[in-house]
Each structure stands twice: as C-alpha cells, then as structure tokens.
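Colleague: Input: one structure, supplied below.
We did not get these values from a lab; they are worked out from the coordinates using the rules stated. Given the structure is predicted, the values throughout are model-derived calculations rather than measurements. A quick note on method: Cβ atoms are made from the backbone with ideal geometry, for glycine too, and the neighbour counts reach across all protein chains shown.
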Amino acid sequence: MPKLFRSVVTSLLLAAGLATAAIDAIAAPIEAPAGIYVLEKTHASLHWRIRHIGLSNYTARFKRFDATIEFDPVNLARSSVQATIDIASVETDLVTPDGRDFNAELRSEPFFNIAKYSQATFNSTQVQVLGGNSMRVQGELTMLGVTRPITFQVTLNGSMKSHPFAKVPALGVSARGSVVRTAYGLNPPPIQEGVGDQVDLVIEAEFLKKS
C-alpha cells in the first residue's frame, strides 16, 4: 500500500473512530429514573452578565434560588421545570474604597425594587429535544410584575441511579438564556446610558430525586 494512501486511510479511520466515540458519548443512556428532582443548592449557581460601556461583560449572581424538575427520561419533551429566584440575594462583589453598597442600590426601587417584587419565577411551557442530551426549554419568566417568554439552551450533563453521597438518583444540567431588561421595565436613569439591553443568564445545577 503506497505511503500516501496508508496515511489517508489511517486519518479516515482515526476520524471515524473519534466520531463514533463522540456519538456514543452523546447517546449515553440516562440512568436517573422518572420523578421529581429538587435543586441541590450546594452545587448550583446562577450568574448574569450585561454589556458595560462596550468594554466588558459585567458579571454578578443571585446567591439564593430554588428549582424543581419533573423528569421523564423516556421522553425528555414531557419533562418540566419550575424555579424561583430571591432577588434580594443579588451579589455583585463590588467593593469600593468609599464603602459604596452596590448590592443595596440594585435592591432599591430604581432597580429591582425588592420591597415590592422580592422574587422572580420561571415556569417552563415546552421542552424541545435537539439531539443527544441537548434541549431547548421555553417558558415564562416573571420579574418586576412583568411576565415575558424566555428560552434556555439546556444540556443534561449527566445522571446517576444513585448519587455517591446523597444515595438517591441525581441529575446535572447546564443552561444558558437571555432577557431584555427594558422589557421588564428595568431601565432606571443610572443605567440608561452605556449599559446593554440584553442580560445573559448562566446556570449550573445539580438535582436530587425527591424521596
């Protein structure tokens, strides 16, 4: 076999092997059974990012949120999710020499107005399976008294019949979505100039089956 031909064949076989391995990984069976799964809060994060004066993506988070998944491993499209966010738990990690409390500013009436709107809620309305363990989850997000549609790109990272520590079935997910802040009326004078309209949401979470 000519050297060039052998090289081409070897490359094709290697590529085929890698593709097969990737397909096998994507098609890995879901081990967790059907049921209600609750957020394992010690392994969960909810970050938000917004464009700042065209220079950076300012990133902060909510420290307290909860979620429940009604999980159907046979037909993921029949699954659903509900979540609540404690808006008062906003955390920017902003520290200034003059002692400015930016978290308190965000909790105040010009921004999130937590005295009137202490929570945001999400309820899914449709789950579309994209292939493998990837899904598009559509739902409604209510914040500041306004309800708007939102779509999350969700990956089921893995599942277990029995969590090694909790000893119950478990799931792990990553989710990405975005909202338009002005659609919720979140546009006080301090941020009308230089701050982006789109807010990206980044969620990493583990869930344990409710006993």
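Colleague: Quick check: the distance between the Cα centres of the stretch 58-101 and the stretch 150-211, to the nearest angstrom?
Modeller: That distance is 6 Å.
Colleague: Taking the Cα centre of the chain as origin and charging only Cβ (+1 Lys, Arg; -1 Asp, Glu), how large is the dipole, in debye to the nearest 20?
Modeller: 580
Colleague: Between Ala104 and Val180, 0.36 nm times their residue separation minus their Cα-Cα distance comes to what?
Modeller: Full-extension gain reported as 25.1 nm.
Colleague: Take the alpha carbon gyration tensor of the chain, find the square roots of its eigenvalues, order them as a ≥ b ≥ c, and report rounded if a/c is under 1.5; if not, report prolate when a/b exceeds b/c, else oblate.
Modeller: Taking the square roots of the gyration eigenvalues as a ≥ b ≥ c, the chain is prolate.
Colleague: If you stretched the chain out fully between Tyr58 and Ala88, how much longer would it get, using 0.36 nm times the residue separation minus the C-alpha to C-alpha distance?
Modeller: Stretched fully, the Tyr58-Ala88 segment lengthens by 8.9 nm.
Colleague: Quick one: how many lysine pairs in the chain have C-alpha atoms under 19 angstrom apart, if they're 8 or more apart or on different chains?
Modeller: Step by step, the pairs that qualify in the chain add up to 8.
Colleague: With angles folded into 0 to 90 degrees, how steeply does helix 3-26 sit against the dominant principal axis of the chain? Use alpha carbons for both and round to 10.
Modeller: The helix 3-26 is inclined about 50 degrees to the chain.
Colleague: Under the rule of -39500 (n - 2.57) per DSSP H run of 4 or more residues, summed and divided by the residues of the chain, what mean residue ellipticity at 222 nm is obtained, to the nearest 500 deg cm²/dmol?
Modeller: It comes out at -4500 deg cm²/dmol, rounded to the nearest 500.
Colleague: Within the set of other residues whose C-beta is less than 13 Å from the C-beta of Ile50, count the net charge using Lys and Arg as +1 and Asp and Glu as -1.
Modeller: That works out to +2.
Colleague: Expected output is a single nm value to one decimal: the length gained when fully extending between Ser211 and Thr125, i.e. 0.36 nm times separation in residues minus the C-alpha distance. What is it?
Modeller: Result: 28.4 nm gained on full extension.
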